[in-house]
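Colleague: One structure, as structure tokens, below. Some questions next.
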């Protein structure tokens, strides 16, 4: 890093499965601090890592739950939710996590898709501390995101598109007035140097990748083959949600706030019309999440039990192979014979 800034926080904003993990991993290799408690990589989903701060992620999850929402909820949050007394303890926990993780760092980044919904609170918390906040809006074509969510979570396409629009529109609107840049997943994979150069110049991050070792690390980290879903440019969507999401994507890529305001009105009307259905979807998703959590706990308990059995078997084998066990073998034979000849 060169030209480091005092308490410059980069907030990576983007819907799930939009390339936020990829760009945050690159930022990490280029010197951005991410905190020391990251969610581990998942070989089946994110083999290169999530790059999410575990405590901050949990704070966001708890905040959404307290607000009667969840990451899969496309319905709007209550206006002014960040000042609700019901979330006061969670807000304090988030503030403590920010202070503990980034209070002494000149340049850091936070990535969590839920940040798209939590941005009003983050703006307030950082402003109180007098810290600079800069935003990166990470975009991926909504149909690619929908396909990825269907593979990972079994989310229906219409639901996924409404989610994508909620995250993108909320983060774009809340980030207005802050220094920000827009980057697409496609641009990052096509030419990460040019993408990072534009980000560097737009936000004055002072990143430097002249070191060949750093360049090699980024090259090794980024893998275009992990992009399993691609939306065809020839598509002319007839579905209302798909059509609207595509128009929002194009306007967001241009950072066209005026067009996005008009499109948001269309989105709000679409969500209002689908509110009963979305409530049903949320209840179903909650049940699925609870069952999945229960299954993971049961699997973890089974693995722990199997590990304990294996450990005991190993200990038994070790004892039987020991010199003392071999020396006392005749004595154990005599003891067994003595027990058999004893009168009943």
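Colleague: Of the DSSP beta bridges with both residues in the chain, give the percent that are antiparallel, rounding to the nearest 5.
Modeller: The antiparallel proportion sits near 10 percent.
Colleague: As I understand it, the value is the acute angle between the Cα axis of helix 257-273 and the longest principal axis of the Cα atoms of the chain; what does it come to in degrees, rounded to 10?
Modeller: Tilt relative to the chain: about 60 degrees.
Colleague: To continue, here is another question. Out of all DSSP beta bridges in region 1-138, what portion is antiparallel? Express it as a percent rounded to 5.
Modeller: 15
Colleague: Sticking with this structure for a sec: Taking Cα atoms, how many degrees apart are the long axis of helix 157-174 and the longest axis of the chain, rounded to 10 and kept between 0 and 90?
Modeller: Roughly 60 degrees between the two axes.
Colleague: Give the order of 184, 78 when sorted by the count of other beta carbons within 10 angstrom, beginning with the fewest.
Modeller: Taking fewest neighbouring Cβ atoms as first place, the list is 78, 184.
Colleague: Only Cα pairs within less than 10 Å get springs; with that Gaussian network setup on the chain, which residue of 271, 145, 288 has the largest fluctuation?
Modeller: Highest fluctuation among the options: 288.
Colleague: As I understand it, the value is the acute angle between the Cα axis of helix 115-129 and the longest principal axis of the Cα atoms of the chain; what does it come to in degrees, rounded to 10?
Modeller: Value to nearest ten degrees: 80.
Colleague: Now a separate question. On the Cα set of region 8-273, report Rg and Dmax in Å, please.
Modeller: Answer for region 8-273, Rg first and Dmax second: 17.7, 54 Å.
Colleague: What residue among 282, 57, 46 shows peak mean-square fluctuation when the chain is described by a Gaussian network model with Cα springs under 10 Å?
Modeller: 46
Colleague: Sort 48, 134, 111 by Cβ crowding within 10 Å, fewest neighbours at the top.
Modeller: The most exposed by this proxy come first: 48, 134, 111.
Colleague: If you don't mind, another one. Can you compute the helix-only [θ] at 222 nm over the chain? Use -39500 (n - 2.57) per DSSP H run of at least 4 residues, normalise by all residues, nearest 500 deg cm²/dmol.
Modeller: Counting only the DSSP helices, I get -19500 deg cm²/dmol.
Bear in mind that the values in this text are calculations on the coordinates, not laboratory data. All values derive from a computational prediction rather than experimental measurement. Every residue, glycine among them, receives a Cβ derived from its backbone with ideal geometry; neighbour counts consider all protein chains shown.
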